[in-house]
Each structure stands twice: as structure tokens, then as C-alpha cells.
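These notes concern the structure reproduced below.
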Amino acid sequence: MELKIKNLLGLRDVDKQDIQLMLDTAESFKEISRRDIKKVPTLRGKTQVNLFFESSTRTRTSFEIAGKRLSADVVNFSASVSALSKGETLTDTARNIEAMRPDILVIRHSAAGAAHMLSRLLKTPIINAGDGSHEHPTQSLLDMFTVRERKKKIDGLKVVIVGDIYHSRVARSNIYGFTKMGAEVWVAGPPTMIPPGIEDMGARVSYNVPEAVRDADVIMMLRIQMERGSGTMFPGLREYSIRYGLNQERMKKMKPNVLVMHPGPINRGVEISPEVADGRLSVILDQVESGVAVRMALLYLFCGGGTSIDETAD
Ligand code: CP
């Protein structure tokens, strides 16, 4: 089966069938990362360029690992030491990289719409690795993959996303993704951090976090994004933590098998207490592990692997 889309720019315009295919393909790749020899020749001869114009730990590293496990030639472009510092534009930078004939571009940028803009200029398939406060589709796919693996389904689950929804590209992609897969998605947090009109994307809204999370099957805590101005949206971190944070006391009033998720990076002691982040119900590191399998699947599907994904390395 093939995807109907040529680029992965966001989940807004991706249908359920394509999401299903991406998740199913990731399942086939998960096992490779648990082998002694974590390498298959699937993308041998293909060139993957990671264009990261904004900082990243998880996404950047897992895309690099994913490409290398599939035997692609992986090139990491670093904005800070590039000709951007000499005044070259994003468009010219991307056109020059494309002139070197890569097979796939993975792009993270602080500006919403950066990946969309480049997709209109370039012929090379593009995967959006996060654009400003807009979308982070690969994070949502790995979140759905993790939930499906743990709960054996997505359809019918109550997923509550808590915190700085306003600045969150993860929240936007997850609202699109989880609702398409049949979950009931809620967003909860301070009114200043919930953008007007979010219901039109398919989410329900609550300003009462304890009430919203009480019967949740999945709770996804979000980071306060100080670098994007979140600090002006609430009186102080201590008050935020008490009213909206997830701690052991609050966990006692929730379902005993609720999944606790966080896309990272975590502000320990702010939106989530260390005991909960490292606790029995936390799947935060499972999300990171899923990220490699999901990104291997995406590189395979968008790069046109051609060989069997189970083929063993030479
Ligand atoms: N979740 C996520 O996107 O983390 P990074 O910013 O470290 O890539």
C-alpha cells in the first residue's frame, strides 16, 4: 500500500487510512531497534537531509538514528554554522540543498508554515519536524503509536491534553490525529492558554483540570513554553503547578490505568512532578522509543524504500 500524500506537513489534511498505514508500518520497524545489529539495507543509496533551524533533542536524534538504521546517508544541516548567518534566506538555503539531490528533507523551523512554504517550492518530499506553534505531525504519530500499543486501540478513548495549548504544535497535531482515529480529545488548562475556536478542530474544552482528567484514559501534559511568551499568561509557576500540574495527589483521583504522556522536554516540578514523570503509569520514555520506529516508517514510506523492510543487513 502507498500513502496518498507526498509530504507530511501536518495531520490536518491526512486521512484515517494514511494514518493507519503509517502506524502499521511503524509496528514492523519497532523490532529492528531491539536487535543486536540494528541495521537493515532498506534505504541504501538514499540521502536524507535533516534541516533543523530550531533546537531539538528527541526529534533530531531519532530522525538521524532512524535514517542510519535504514542505511540511508544522513546529513545534518546545522543552521548556526550555515550561510544563514551571512544573510542567505531560508528559500535559497533549501533550493541549494535540493540542488544536491537528496531523497527526503526533514525540516524543523520556528516559523509556522515554513515546511508548507518549502513544499510549494521544492520537488523533494518533506517531513515537517515541527513548525512554530503550528503542527508536529511525527510527534502525534508516535503518541498514537504508543497509545495503540499500550491500550490496544485508540477508538473510544478519552485523551486529555493539559497546559499551554496556545503555543503547542503537539496539541494541534494530536487533536487532528486522535480525533480522526476515533478518540474523544479534550484540552484543559488556564483560559489564557486555550486559544479561541479550538473546538472547531474537534476538541472539547475544560478550564477545570481535576474534573477533566478524572475519567481520562490518556493524559498528555504539556510544557510551559517560556521561550514563546507563556510566562505572561499566568501569575507564577508555583500557582500554575498547584492548579494545573500533575502530581501524585491528583493521580489518586484518576483511572488506575491512565497513561501519562509528555512530548518532552519536561519542566520537572512545574507541569508534572518527578514522581509522576518517572512513575509506573508514565510512558514518556516509551514515546521516545516509539519515535524511532515511527520515523523509520515515515522515511521508508516517503523515500520509496523499494526493498523489503525485514531484509537483514549485509
Ligand atoms: N518532543 C520534541 O519535539 O522534542 P524535541 O524538541 O527535543 O525534538
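The values are calculated or read from the model by the stated rules, or taken from the named source; none is laboratory data. Being a predicted model, the structure only gives us computed values, none of them experimental. Note: accessible area is taken over every heavy atom of the protein model, side chains too, but ligands, DNA and RNA are not part of it. Shrake-Rupley method; radii C 1.70, N 1.55, O 1.52, S 1.80 Å.
Structure notes:
- As a length-normalised measure over Cα pairs under 8 Å and 6 or more apart, the relative contact order of the chain settles at 23 percent.
- For the chain, adding -39500 (n - 2.57) for each run of n ≥ 4 DSSP H residues and dividing by the number of residues yields -10500 deg cm²/dmol at 222 nm.
- Set of lysines with alpha-carbon distance to Lys68 below 17 Å, sequence-local pairs under 8 removed: Lys30, Lys38, Lys39, Lys46
- Taking all protein chains into account, the per residue accessible area for the chain stands at 44 Å² (1.4 Å probe).
- Excluding same-chain neighbours fewer than eight residues apart, the aspartates and glutamates reachable from Lys16 by a Cα-Cα span under 19 Å are Glu2, Asp24, Glu27, Glu135, Asp143, Glu149, Asp155, Glu184, Asp200.
- Ligands, DNA and RNA left out, the 1.4 Å accessible surface of segment 1-132 is 49% carbon and sulfur atoms.
- Total lysine pairs under 18 Å (Cα atoms) in segment 119-264, excluding pairs fewer than 8 apart on one chain: 10
- Shape class of segment 180-299 from the Cα gyration tensor (axes a ≥ b ≥ c, square roots of the eigenvalues): rounded, since a/c falls below 1.5.
- Tensor-based shape of segment 66-133 (alpha-carbon gyration tensor, a/c under 1.5 rounded, otherwise prolate or oblate): rounded
- Cα shape, segment 205-257, gyration tensor, a/c 1.5 rule: prolate
- Pairs of Cα atoms farther than 22 Å apart, segment 14-89, %: 41 percent
- One Cα centroid belongs to segment 237-288, the other to segment 28-43; the line between them spans 31 Å.
- Where only C-alpha atoms are counted, convex hull volume of the chain per residue in Å³: 134 Å³
- Split the accessible area of segment 140-246 by element, probe 1.4 Å, and carbon with sulfur accounts for 50%.
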